[in-house]
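Worksheet: one structure, shown below.
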Amino acid sequence: ANRNNSINLQNSASQPFYIEATFNNTVSKSNSSPYYSIKPEMTIEKDYPFSYSSGALDADGDSLVTYLVNAQTGVTACADTPKNMTFANANPSYNLINNPIQTNNTFALNPKTGEYGFIPNALGKSNITIRTDEYRNGVLIGSIMRDQQMQVVPAGPFYGGNVNVKCNNARVPDLTKPINICVNETFSFCYDVVSDNPSARLFISDNLASSTMSGSTAYYYNQGTDSVRVMFYWKPG
């Protein structure tokens, strides 16, 4: 399959999609690639500061470093060698340091945490590719790549005005006080995230995969509307 159209890559819709993961089981039979624990953001607002981390983790506690790489293509069979895609023309020009998408050179990435931030200033879909390498005693033993597409949308009407949290006819804890729950009994509650703009499209996500609340789950209903219901469940051990 191919990427779809992207304003920062040339001919992205007509070239094969390629990413890779590597591991070295000669160092340890249980070695695996690192992995990303946080889902990518789908939409961001033009001219507003944005920051994000993919939540790179490694089960063995090895050292991780995250950085930008060229989006890659060219592989249709196992013997093929991937090649870098070409950036589209832009002013300022695209690069892998501070302008992989059109940010007016405001893009910055922390290689230790993997968090990056920028201020987007061009509407449309753009792709970046990040890679996280796993080192043990200074030796590279694993890596993973993520190709992420971001849709930059106009600020304001898309998201709407103030967002209020409420819940109708469902159990809602008082979050201003401690919540007492029982071991080995499922604790659950729900709430609605509602915009006061009926044209808003809300997309809700969480970081439960990287939290200390092992086994907790959240379900989302009516994503992409002006009112998203969140159902949360947790059975503490």
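What's the number of the condition residue 143 fails, among (1) more than 29 Å from residue 35 (Cβ to Cβ); (2) modelled with pLDDT of 70 or more; (3) of a type in the set (Gly, Ala, Ser)?
Failing condition for residue 143: (1).
One line per residue, one yes/no per condition, for (1) under 15 Å from the mean Cα position of the chain (by Cα); (2) within 24 Å of residue 14 (Cα to Cα); (3) hydroxyl-bearing (Ser, Thr, Tyr):
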| residue | (1), (2), (3) |
| --- | --- |
| 30 | no, no, yes |
| 47 | no, no, no |
| 52 | yes, no, yes |
| 66 | yes, no, yes |
| 73 | no, yes, yes |
| 78 | no, yes, no |
| 97 | no, no, no |
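Yes/no matrix, rows are residues, columns are (1) at pLDDT 85 or above; (2) touching a strand residue (DSSP E or B) at 6+ places or on another chain (Cβ under 9 Å); (3) open to solvent by 90 Å² or more (accessible area, probe 1.4 Å); (4) part of a loop (DSSP other than H, G, I, E, B):
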residue: 169; (1), (2), (3), (4): no, no, yes, yes
residue: 179; (1), (2), (3), (4): no, yes, no, yes
residue: 190; (1), (2), (3), (4): no, yes, no, no
residue: 204; (1), (2), (3), (4): yes, yes, no, yes
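Got a number for residues in the stretch 109-124 being touching a strand residue (DSSP E or B) at 6+ places or on another chain (Cβ under 6 Å) and surrounded by fewer than 15 Cβ atoms within 10 Å (Cβ to Cβ)?
The number of residues fulfilling the criteria is 2.
Taking the residues in the stretch 206-219 that are open to solvent by 70 Å² or more (accessible area, probe 1.4 Å) and part of a loop (DSSP other than H, G, I, E, B) as candidates, determine which candidate is nearest to residue 233 (Cα to Cα).
In this case the residue turns out to be 214.
Scanning the stretch 1-55 for residues that are among the charged types (D, E, K, R) and farther than 29 Å from residue 74 by Cβ, which turns out surrounded by the most Cβ atoms within 10 Å (Cβ to Cβ)?
Filtering first and then ranking leaves 46.
Residues that are among the hydroxyl-bearing types (Ser, Thr, Tyr) and under 30 Å from residue 138 (Cα atoms): list the strands (runs of 3 or more DSSP E) wholly contained in the stretch 1-120 that include at least 3 such residues.
63-69
Kindly list, by first and then second residue, each pair from a residue in the stretch 90-105 that is open to solvent by 30 Å² or more (accessible area, probe 1.4 Å) to a residue that is at pLDDT below 95, limited to pairs with Cβ atoms under 6 Å and residues at least 6 apart or on different chains.
104/121
How about the stretch 220-234: which of its residues are outside any strand (DSSP E or B) and under 18 Å from the mean Cα position of the chain (by Cα)? Step through it out loud before you land on a result.
First pass over the stretch 220-234, keeping only residues outside any strand (DSSP E or B): 222-226.
223, 224, listed by residue number.
The values are calculated or read from the model by the stated rules, or taken from the named source; none is laboratory data. Keep in mind the model is a prediction, meaning the values are calculated, not measured. Positions of Cβ are backbone-derived with ideal geometry, glycine not excepted, and every protein chain shown enters the neighbour counts. Quick note on the areas: whole protein, heavy atoms, side chains included, nothing else; ligands and nucleic acids left out. Shrake-Rupley method; radii C 1.70, N 1.55, O 1.52, S 1.80 Å.
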